Amino acid sequence: MIEAVGLTKRYGQTLAVDGLSFEVRPGHVTGFLGPNGAGKSTTMRMILGLDAPTAGSVTVNGRPYRLIHRPLREVGALLDASAVHPGRSGRAHLLALAEANHIPRSRVDEVLALVGLTGVAKRRARGYSLGMGQRLGIAAALLGDPGTLLFDEPLNGLDPEGIQWVRNFFRALAGEGRTVFVSSHLMSEMALMADEVVVIGRGRLIAAQSVDAFIQASSQNFVRVRCPRAGELEEALVARGASVTREQDGALAVSGLEPAAIGQLAHDTGLVLHELSPQQASLEEAFMELTAGAVEFHGGGLPSNPHLDAVGRG
Amino acid sequence: MATLDASRVRPRATGFAASLADFPGVAKSEWTKFRSVRSSYWTLAIAVVATVGLGALLSLAVASRVGHPHGPTRATLDPALESISGIFLAELAIGVLGVLVVSSEFTTGLARVSAAAVPSRSLLLAAKATVFGAVVLVVGEISAFAAFFAGQAVLSTKSLQTTLSAPGVARAVASGGVYLLIVGLLGLGLAGIVRRTAGAIAALFGLLLVLPLLVLPLPSPWSGDISTYLPSSVGMDLLTPVRAAGSLSPLEAGLIFAAYAVAALVGAFVLTNLRDV
């Protein structure tokens, strides 16, 4: 359980995190979303007691992180997979962390096997691929078998197989009753992995709810309707208060009316429908819509397209 | 993987007592870090070779000039200091190692991983300084005595040698390890303050090598008064068997030399607790 109350961080003139309050509950994978520079990494650092909040507080299991004794047994985190001494082997890296928290040496080999790094454990980290580094970071987070796990962009550098492994693994960790808090800019992956989302923009909370509720709230949900006499149907729909736009192939995109009401209306008007299909916004579309006003760095030039706009790491 | 263990979530005692109880584990962790990178071995090896090898080489050079018009005699030569003078080269390696022990954590980002594992910044720094200091002291003492005996063996060919029982000699040689310890901890403390490798090395070398040169051109009473207390001067006094007229006693010199390292460490402790990682 992670709880932030009025969490604020100011760097000089910049308010990186601004009065953030949210809860991350156990038993779920909670996605942490926000555009570049939204304050996600700063928030993660404050959770781990690395950066001191300017105001407000954040606790893990009811205590500030820095008051947790031997914290790796309670909280595991991966902030930056490249944060390893390049001349040190993966095994020595994990061993040093284990010793500092009285975690038995045998657990080091256990987590190495768990992430599939046993074969390269004695190699110096300099020779690790991006994906191997990411796995080492995940191994370090799991070292103390903690009830709370934080991951900042854990999918970076992983191949599709690795991504799938992480997704299933995180879901299994949450299934065991752990708190799993994950930031990622891969929205499609987040949609598959997370049950809950915390969305921030410019350091402020935009949404903290279930993924389903988050997507439902998006105005990007509509009903696609095809009708040979589309013009007449459009008039009837608009008369009933729906808003209608034309898709490129002539289909109507209707919002403001349920599919059942649209079907009934078509029947009452004596029109034949060739398609009546509810379209749900993707997590990415919902995210783009809600954070549109909170993007710190817009890409210039190209017309806005949700599939092209970069939703980079923050 | 085990499921959640509720007992783990129980609050425990924190603060100084808990830190003390955690010290052995954190020190063990720092020892693992130290011995798992090759640069530690390389730098220590350079320090040993510099101390013993240069000491023997200098002794050899001195011995070869015996009998020349301005050659060394028993009256002008300090055979003990001559044989351990390699320490003045070894200190550069040890100082850099002290810097790297701390700065490499910041340059690689490991500092955050370490601080997440050990939330008490003071405990982490204390464990680092203790482990590094212990290694340097042991290696430094062994090197100093090895350099002394090697040097005396060379000098004995011209009957210029001294022994540990001569006045001040045992103390001077035994100070060799302490000297390297102080320089190493000075580097470690400076790195804790500056956090960057280049900056900390510049500050360290500036204190040890450049400062004496800057003081030299000052008007006469100041120049001498100030330079008496500079790290390079008090370090030299610490390693000299017989106190020269007007210089500090070995104890005074040692304490002032140590005070530089202590000041840097105190600065590092204060700043590490105030700053974000």
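Association of chains B and A removes close to 3600 square angstrom of accessible area from solvent, both sides included, for a probe radius of 1.4 Å. Near residue A:27, the amide H atoms lying under 5 Å from its own belong to A:177, A:178, A:179, A:180; only residues 5 or more places off or on other chains count, and H is placed 1.01 Å from N. Helix B:169-194 and the longest principal axis of the C-alpha atoms of chain B enclose an angle of approximately 40°.
Which of A:37, A:76, A:162 ends up with the largest GNM mean-square fluctuation for chain A, with Cα atoms connected below 10 Å? Answer for the Gaussian network model of chain A: A:162. For the protein assembly as shown, the spread of Cα coordinates along the three principal axes comes to 125, 54, 41 Å, biggest extent given first.
Net charge of the neighbourhood of residue A:220, taken over other residues with C-beta under 11 Å away and scored Lys/Arg +1, Asp/Glu -1, is -3.
Charges at C-beta only: +1 for Lys and Arg, -1 for Asp and Glu. How large is the resulting dipole of the stretch A:97-165 about its Cα centre, in Debye rounded to 20?
380 debye
Remark on the stretch B:30-47: accessible area falls by at least 10 square angstrom from chain-alone to full-complex state for B:32, B:33, B:35, B:36, B:37, B:38, probe 1.4 angstrom.
Can you return the aspartates and glutamates within cross-link range of residue B:158? Criterion is Cα-Cα under 16 Å, with same-chain partners fewer than 8 residues away left out. Straight-distance partners of residue B:158: B:78, B:82.
In this calculation the C-beta distance from residue A:57 to residue A:292 is compared with R0 = 30 Å, giving a FRET efficiency of 0.50.
Sites listed here are trypsin sites (Lys or Arg not before Pro) in the stretch B:26-109 whose DSSP assignment is loop and whose Cβ has at most 11 other Cβ atoms within 10 Å: B:74. Relative to the longest principal Cα axis of chain B, at what angle does helix B:16-35 sit, 0 to 90 degrees, rounded to 10? Rounded to the nearest ten degrees, it is 60.
Derived from the Cα gyration tensor, the three semi-axes of the equivalent ellipsoid of chain B are 41, 21, 16 Å, largest first. Just how far, in whole angstrom, is the stretch B:236-271 from the stretch A:90-142 if you go by their alpha carbon centroids? Their Cα centres are 42 Å away from one another. Within the accessible surface of the protein assembly as shown, defined with a 1.4 Å probe on protein heavy atoms only, the carbon and sulfur portion equals 61 percent. Here's the list of lysines a cross-link from residue A:122 could span, going by alpha-carbon distance under 24 Å and ignoring same-chain residues fewer than 8 apart: B:28, B:33, B:128. Less than 9 Å Cβ to Cβ from residue A:117, Lys/Arg counted +1 and Asp/Glu -1: what total charge do the surrounding residues give? Net charge around residue A:117: +2.
Surface exposure of the protein assembly as shown, expressed per residue as accessible area with a 1.4 Å probe, stands at 44 Å². Angle check, please: helix A:259-269 long axis (alpha carbons) against the longest principal axis of chain A (alpha carbons), in degrees 0 to 90, nearest 10. The two axes meet at around 10 degrees. Computed from backbone phi, the HN-Hα couplings of the stretch A:35-46 come to x, 3, x, 6, x, 5, 5, 4, 4, 4, 5, 6 Hz, rounded to whole numbers (Karplus: 6.51 cos²θ - 1.76 cosθ + 1.60, θ = phi - 60°; Gly and Pro given as x). DSSP bridge analysis restricted to the stretch A:137-248 gives an antiparallel fraction near 55%, rounded to the nearest 5.
The values are calculated or read from the model by the stated rules, or taken from the named source; none is laboratory data. Just so it is clear, the structure is predicted and the values come from calculations on it, not from any experiment. As a convention, Cβ positions derive from the backbone with ideal geometry for all residues, glycine included, and neighbour counts pool all protein chains shown. All accessible areas refer to the heavy atoms of the entire protein, side chains included, with ligands and DNA or RNA removed. Shrake-Rupley method; radii C 1.70, N 1.55, O 1.52, S 1.80 Å.
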